[in-house]
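Down below is the structure, laid out as structure tokens.
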């Protein structure tokens, strides 16, 4: 069909990066879970202990020091990205769950998506919520006082 143009495939680069993103997410999640286990700490402590014990063997040389410095720097650098990725996904999942709870409840639906606001906007909303909570608390105390007065009046009237 000469008159028809070939339809571009649906965002091939996006699909490829989506596959990488999914794989990276899985690796980041598994790595951050493994890094948080006691066995990971024990392994790291063991490596440091072996390094410290070998100090006299290598006469505490610059190379001996460089080994632990380089190793810990590389591991720390990579773990920052992996753990941040896991935290970002966990945070996004929690936000979606909270948004759904707000949507199906009697809570204000205007709170859905507020995580995208600026810090100043969030602070303003927080202040307003705290003011409303204080007002509700004062209202509840007033109702309790009125109820006590009504009980006392009823007791005096029946006595």
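Bear in mind that the values in this text are calculations on the coordinates, not laboratory data. Computed from a prediction, not measured in an experiment: that's the story for all the values here. Virtual Cβ from ideal backbone geometry, glycine too; neighbours counted across all protein chains shown.
A few remarks follow.
- Cα principal axis extents for the chain, largest first, Å: 94, 78, 29
- Calculated mean residue ellipticity, 222 nm, the chain: -28000 deg cm²/dmol, from DSSP H runs (n ≥ 4) at -39500 (n - 2.57) each, averaged per residue and rounded to 500.
- The angle separating the long axis of helix 119-158 from the principal Cα axis of greatest extent in the chain is about 30 degrees.
- With coordinates expressed along the principal axes, the C-alpha atoms belonging to the stretch 107-159 extend over 62, 19, 8 Å, beginning with the largest.
- For the stretch 44-115, the spread of Cα positions along the three principal axes, ordered from largest to smallest, is 69, 18, 12 Å.
- Contact order for the chain, expressed relative to its length and based on alpha carbon pairs under 8 Å spaced 6+ residues apart, stands at 19 percent.
- Each of 23, 102 was scored by other Cβ atoms within 10 Å of its Cβ. Listed from fewest to most, they are 23, 102.
- At the listed q of 0.13, 0.15, 0.16, 0.28 Å⁻¹, the Debye profile of the stretch 30-79, built from one uniform point per Cα, gives log10 I(q)/I(0) equal to -0.37, -0.47, -0.53, -1.07.
- Multiplying the residue separation of residue 26 and residue 134 by 0.36 nm and removing their Cα-Cα distance gives an extension gain of 34.5 nm.
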